[in-house]
Ligand SMILES: [Zn+2]
């Protein structure tokens, strides 16, 4: 969430939908997908060895990379296989392909390591090992290393990364994306989702700039956090063969994947939101003029135009952006939990800014007067509605659109109740 300093452009008119994409989604169950990860007899030995390698490697990899100011937990607790997952984890993963998948339940039963489980399940279903031509243990080690470099922030932690990964995988199953993406595009999207907030310090880029953090200096105050997430992820990945998921790729393929992953991670910067969205909408609609005339029927998507390499870049950006801010489109209980977590992280930043006499970059998140319902409505009005309208018209996500509407109504009612409470309190004080 960022402060709003410019007027919101009119981007898109919603089109009608004819197909039911849910019926086309993933007929197989997770149980059948887990099979490719049949457990090796010496998995415990593998885990111990990997743990040592990752511990040593992590510290080496961090040499020369500025810290975000909070020391991340560098040591993974082990690198298990899917087959050796606790029963509760396996049961939960059976619904990993569904939008109502309960990431918070997985967070609980996995002892706050949901990313490795969601990652392994989803990588298996997308045949990531064979596409990357790498051993399954390397993929596991890599997931574990990346997860251990997420901090235990209220919001920007590995549960958020797992949630964005799950949303990304859900979108990748949509027929329209299946039609225009090749398998490498899919794996690139999954990797970008996994790394997109790694080593997030629980403070935003503006805060890092205002405090003169090493990262702000290194990146000249430009896309500070996004640049760091991407750079650190590559540094961690390529410095050791036990975790290097790219090691068997040709130079050309690696170069192309690296370019695409970086582009997707950088696209998550919210200050570039309208730039990315308007490019997507302009390509997606056949006629911008027709869109601007509300008396005309919205045009249908031009799929051949979407399939050019330049336009697939635009689709990938909106894909990760929708996954990254999908909280208001989740079922109400999840939406509320995410709202509470992001508010806590932002209020904590405001606390620190006040204590240190720094500029307050998000005044709406002052503990003394913050309204979570109001912030959620503002975020949905400003960033979510237009982008999800465009995304829905492109790849048909009616379940998400329904949730956005229902959640908005919930927040609206909550805000009305809050206002009434405040007025009643004022009445008591006055009398
Ligand atoms: Zn994120």
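What follows draws every value from the coordinates through simple rules; no lab data is involved. On a predicted model such as this, the values are computed, not experimentally measured, just so you know. Quick reminder, even Gly has a Cβ in these numbers, built from the backbone with ideal geometry, and neighbours come from all protein chains shown.
Using packing as a proxy for protection, rank 391-401, 309-319 so that the peptide with the highest average count of other Cβ atoms within 10 Å comes first.
Result, highest mean first: 391-401, 309-319.
Rounded, prolate or oblate: which fits segment 216-289, taking a ≥ b ≥ c as square roots of the Cα gyration tensor eigenvalues, rounded meaning a/c under 1.5, else prolate when a/b beats b/c?
On the way: a/c = 3.92, a/b = 1.56, b/c = 2.51.
It is oblate, given that a/c is not under 1.5 and a/b is not larger than b/c.
When a/c reaches 1.5 or more, the comparison of a/b and b/c decides; with that in mind, is segment 115-154 rounded, prolate or oblate per its Cα gyration tensor?
Because a/c hits 1.5 or more and a/b exceeds b/c, segment 115-154 counts as prolate.
Just to be sure I understand the model, the point goes 7 Å from the Cα along the line to the Cβ. What's the resulting residue 248 to residue 271 distance in nm?
4.1
How high is the relative contact order of segment 296-431, given as a whole-number percent (alpha carbon pairs under 8 Å, six or more residues apart)?
Across segment 296-431, relative contact order equals 28 percent.
At 0.36 nm per residue, minus the direct Cα-Cα distance, what do residue 381 and residue 368 gain on full extension? Give it in nm, one decimal, please.
2.3 nm
Sorted by mean Cβ packing within 10 Å, highest first, what order do the peptides 327-337, 270-280 take?
327-337, 270-280
For segment 300-431, evaluate the Debye formula with one uniform point scatterer on each Cα (no solvent term) and list log10 I(q)/I(0) at q = 0.15, 0.17, 0.22 Å⁻¹, rounded to two decimals.
-0.84, -0.98, -1.25
Quick one: if the Förster radius is 22 Å, what FRET efficiency do residue 406 and residue 91 give, using the C-beta to C-beta distance and rounding to 0.05?
Numbers: r = 27 Å, r/R0 = 1.22.
Using R0 = 22 Å, I get an efficiency of 0.25.
Could you order the peptides 93-100, 144-151 from most to least packed, using the average number of other C-beta atoms within 10 Å per residue? Write down the numbers at each step before the final one.
On the way: 93-100: 18.2, 144-151: 24.4.
Top of the packing list down: 144-151, 93-100.
Can you give the FRET efficiency for residue 238 and residue 420, using 1/(1 + (r/R0)^6), R0 = 56 Å, r = Cβ-Cβ distance, to the nearest 0.05? Walk me through the numbers before you get to the answer.
Working: r = 57 Å, r/R0 = 1.01.
With a Förster radius of 56 Å, E is 0.50.
With a ≥ b ≥ c taken as the square roots of the eigenvalues of the C-alpha gyration tensor of segment 82-199, please select rounded if a/c is under 1.5 and otherwise prolate if a/b is larger than b/c or oblate if it is not?
Values: a/c = 1.39, a/b = 1.32, b/c = 1.05.
Cα axes put segment 82-199 in the rounded bin.
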